[in-house]
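Scroll down for the structure; my scribbles are underneath it.
A short reminder: the numbers here are calculations on the coordinates, not readings from a lab. Remember, it's a predicted structure, so these values are computed and weren't measured experimentally. A quick note on method: Cβ atoms are made from the backbone with ideal geometry, for glycine too, and the neighbour counts reach across all protein chains shown.
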């Protein structure tokens, strides 16, 4: 058997290694020259190398890339931790060294309730979240004696941001080391595939920590921001945990406005607040409008407003459950209004395109109230989200 | 003198340009070797010039990408203060302690009360970041 390379070249497979560069891939190059021989050895050597060690080589390259990312994540985590220490020292003026407490907080975890028998799990979860929230606030308060309530809330948010970065770093490092130790191509491949998304989130968390340390409104605060416009100069009262309620009249409709208590970073418990208002009105509520930030699809503009049906609220789902339960009990229609943004924008300082959505959203809320209710009706408008940097 | 991202960008561009220029010179020499019939040196030169050009272009593009990413991550946060009475508006840099609905004193125009209405992050300019990945510094308001 011979290979017919050119009109005048007939090379037998056996002669491949004898004649230096058998296939004349580089015109004009002397096959017997040093470069020709070198090219030949390199070609065949790399061919054999990739047959036997190709995957291992690929794994090494991927590990190298992941190693760089893990180092970057470690830097980000330390950066957030340093910012946390600095802010606690500046704002809280601790009388004792906060290092131990903060290190303990950054390693906190939550064990979900057993879901083998799911009946009643929502309230179990709600209870655990309350305990966690109280513990975090108490710990932060204990190391920040000079901080007021708003500042304690902001510091608690900052702790949460640093904790999230710490958790991301620990998880990524875990799979990196596991993949390295076992040389498992599939563990490393999966980690490498999700790393760009993980890094996007980590980058956003670094930005969020900066915003939390200064108490700047974040994208998620668009709901409370819109409601705060309607609440301004109205009499407010506190209901439930960290929630405020005000009343206003819109075209003859009695409108209850509710949001988390600001300007400290806080999401409150909108489910409990809405339940309280509905109970106060003995279920005679003609509609509930929920306003929240929501995730946009790639290609959509940030700050676009969307309308829908249902309880617009994120989180684990305990608050949504309470609202849905109350709405179902009294047959109250629930309308959702969302301001679209990316997951990064939701935790970064509020962008102009999002804050510009306040006036159009107010107009949409008013027109929805006019369309779906009549004079004398009672309406609830709830601004959902983190109210950092937004008072009432 | 503090080194700004712009200084680093110029340094990288200069280095890339030098490598690129040298690669062109090597390529030119390689063509000379080819004309003389020295194919071995021609291939050496061709290979070296190719590697040099690819590396210089890659380094330039990589640095540009990084600068754009850095620029995007630096957000300038602004506070809008409005007088409720006359509508006089001030946009200034965010200061710690600013929050929406906070009273910030009397209006310079009409003596009415001024409130913070929005706090927002200025968005990076749309439509590219210039050749070096840097847009012009935002002007103070």
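Can you give the angle from 0 to 90° between the axis of helix A:270-280 and the longest principal axis of chain A, with both taken from C-alpha atoms, to the nearest 10?
Long axis of A:270-280 versus the principal axis of chain A: about 20 degrees.
Grab the Cα-Cα distance for residue B:90 and residue B:22, subtract it from 0.36 nm times how many residues apart they are, and report the gain in nm with one decimal.
Once the chain is fully extended between residue B:90 and residue B:22, it gains 19.1 nm.
Summarise the partner chain shielding of B:92-100 as one whole number: the mean count of Cβ atoms from other chains within 10 Å of each residue's Cβ.
Working: counts 0, 0, 7, 1, 6, 5, 6, 13, 17.
For peptide B:92-100, the averaged partner shielding equals 6.
How high is the relative contact order of chain A, in percent, with contacts defined as C-alpha pairs under 8 Å that are six or more residues apart?
Details: 649 pairs, mean separation 72.2, N = 392.
It comes to 18 percent, rounded to a whole number.
Working from Cα positions, state the angle (0 to 90°, nearest 10) between the long axis of helix A:149-182 and the longest principal axis of chain A.
The angle comes out at about 30 degrees.
Across region A:61-140, how large is the tail of the calculated P(r) beyond 20 Å, expressed as a percent of all Cα pairs? Working shown, then result.
On the way: 1775 of 3160 pairs.
I get 56 percent for the Cα pairs in region A:61-140 exceeding 20 Å.
To make sure I understand, if each residue's beta carbon is the centre and we count other beta carbons within 10 Å, what order do A:321, A:49 fall in, fewest to most?
Numbers: A:321 18, A:49 13.
So the ranking, lowest neighbour count to highest, is A:49, A:321.
Quick one: of the DSSP bridges fully inside chain A, what percent are antiparallel, nearest 5?
50
What does the extension gain come out to for residue A:237 and residue A:189, with contour length at 0.36 nm per residue minus their alpha carbon separation? Walk me through the numbers on the way to the answer.
Details: separation 48, 0.36 × 48 = 17.28 nm, distance 5.39 nm.
Result for the pair: 11.9 nm of gain on full extension.
So how do A:355, A:142, B:16 line up by other beta-carbon neighbours within 10 Å, fewest first?
On the way: A:355 25, A:142 14, B:16 19.
Ordered from fewest to most neighbouring Cβ atoms within 10 Å, A:355, A:142, B:16 come out as A:142, B:16, A:355.
Work out the mean other chain Cβ neighbour count within 10 Å for the residues of A:207-218 and drop it here as an integer. It would help to have the intermediate numbers written out before the result.
Values: counts 4, 0, 0, 3, 5, 0, 1, 7, 6, 10, 9, 1.
The per-residue average across the peptide is 4.
Where does each of A:241, A:284, A:269, A:331 land when they are ranked from fewest to most other beta-carbon atoms within 10 angstrom?
Values: A:241 15, A:284 11, A:269 23, A:331 8.
The fewest-first ordering by Cβ neighbours comes to A:331, A:284, A:241, A:269.
Over all distinct alpha-carbon pairs, what is the Kirkwood Rh of the protein assembly as shown in angstrom? Please report the intermediate quantities before stating the final value.
Details: mean 1/r = 0.0358 Å⁻¹.
So the Kirkwood estimate lands at 27.9 Å.
Using only the alpha-carbon atoms of region A:219-383 as identical scatterers, what base-10 log of I(q)/I(0) does the Debye formula give at q = 0.16 Å⁻¹?
-0.87
Looking at region A:219-383, what % of its DSSP beta bridges pair antiparallel, to the nearest 5? Walk me through the numbers before you get to the answer.
On the way: 17 of 36 bridges.
DSSP beta bridges in region A:219-383 are roughly 45 percent antiparallel.
Using a 10 Å cut-off around each Cβ of peptide A:349-362, what is the average number of partner chain Cβ atoms that fall inside?
Across A:349-362, the average partner-chain Cβ count within 10 Å equals 3.
Can you tell me the orientation of helix A:358-372 relative to chain A, as the angle in degrees between its alpha-carbon axis and the longest Cα principal axis, to the nearest 10?
Approximately 60 degrees, to the nearest 10.
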